[in-house]
Amino acid sequence: QVRLVESGGGLVQAGGSLRLSCAASGRTFTFSNYDMGWFRQAPGKERELVAAISRIGFTPLYADSVKGRFTVSRDNTKITVYLQMNSLQPADTAVYYCNVGTYSSGRYRESDYWGQGTQVTVSS
């Protein structure tokens, strides 16, 4: 069993920045053994992958819409994955979720483990 708790969302003006955090825990869960992903879901839209990072943090994967603006990172000692979001735009408004999954060959496969999400709202 894995528990994921996102935080750091909020209301920000266009051009601003936010840093999301996702803390993972679980009795038999070893964070450093798993790849992680960040997803978002805007009202009326399907959930989409924003970024993914391997268990050792190499070669992150980004959606085209956030490349150059968002940075995913992880601290295995703190059992936390981060999403630094810069130059935010109203189109980035969504609920952001983290996920435990599998990242290989440039593709991320999500699992059924999700956090409760954190709301990001970008005003114009």
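Which ones in segment 97-121 are under 14 Å from the mean Cα position of the chain (by Cα), loosely packed, with under 13 Cβ neighbours inside 10 Å and over 23 Å from residue 26 (Cα atoms)?
Matches in segment 97-121: 119 only.
Which one is farthest from residue 5 (Cα to Cα) among residues in segment 78-117 that are among the aliphatic types (A, V, I, L, M) and assigned to a loop (DSSP other than H, G, I, E, B)?
Here the residue is 88.
Assuming residue 71 fulfils every condition listed in (1) in a loop (DSSP other than H, G, I, E, B); (2) free of Cβ contacts under 8 Å to residues at least 24 places away in the same chain; (3) surrounded by 15 or more Cβ atoms within 10 Å (Cβ to Cβ) apart from one, which condition is it?
Evaluating residue 71 over (1) in a loop (DSSP other than H, G, I, E, B); (2) free of Cβ contacts under 8 Å to residues at least 24 places away in the same chain; (3) surrounded by 15 or more Cβ atoms within 10 Å (Cβ to Cβ) leaves (1) as the failure.
Out of (1) touching a helix residue (DSSP H, G or I) at 6+ places or on another chain (Cβ under 6 Å); (2) surrounded by 12 or more Cβ atoms within 10 Å (Cβ to Cβ), what's the single condition that is false for residue 124?
Tallying (1) touching a helix residue (DSSP H, G or I) at 6+ places or on another chain (Cβ under 6 Å); (2) surrounded by 12 or more Cβ atoms within 10 Å (Cβ to Cβ), residue 124 fails exactly one: (2).
Out of all the residues in segment 23-52, which are part of a loop (DSSP other than H, G, I, E, B) and either of a type in the set (Phe, Trp, Tyr) or out of contact with any Ser or Thr (no Cβ under 7 Å at 6 or more places or on another chain) (or both)? Spell out how you get there, then give the answer.
Narrowing segment 23-52 to residues part of a loop (DSSP other than H, G, I, E, B): 26-30, 34, 42-47.
Answer for segment 23-52, where residues must be part of a loop (DSSP other than H, G, I, E, B) and either of a type in the set (Phe, Trp, Tyr) or out of contact with any Ser or Thr (no Cβ under 7 Å at 6 or more places or on another chain) (or both): 26, 27, 28, 29, 30, 34, 43, 44, 45, 46, 47.
Across segment 1-54, which residue is nearest to residue 120 (Cα to Cα) among those that are touching a strand residue (DSSP E or B) at 6+ places or on another chain (Cβ under 9 Å) and among the β-branched types (Val, Ile, Thr)?
Per the criteria, the residue is 12.
No value in this document is a laboratory result; all are computed from the given coordinates. Given the structure is predicted, the values throughout are model-derived calculations rather than measurements. Cβ atoms come from the backbone with ideal geometry, glycine included; neighbour counts cover every protein chain shown.
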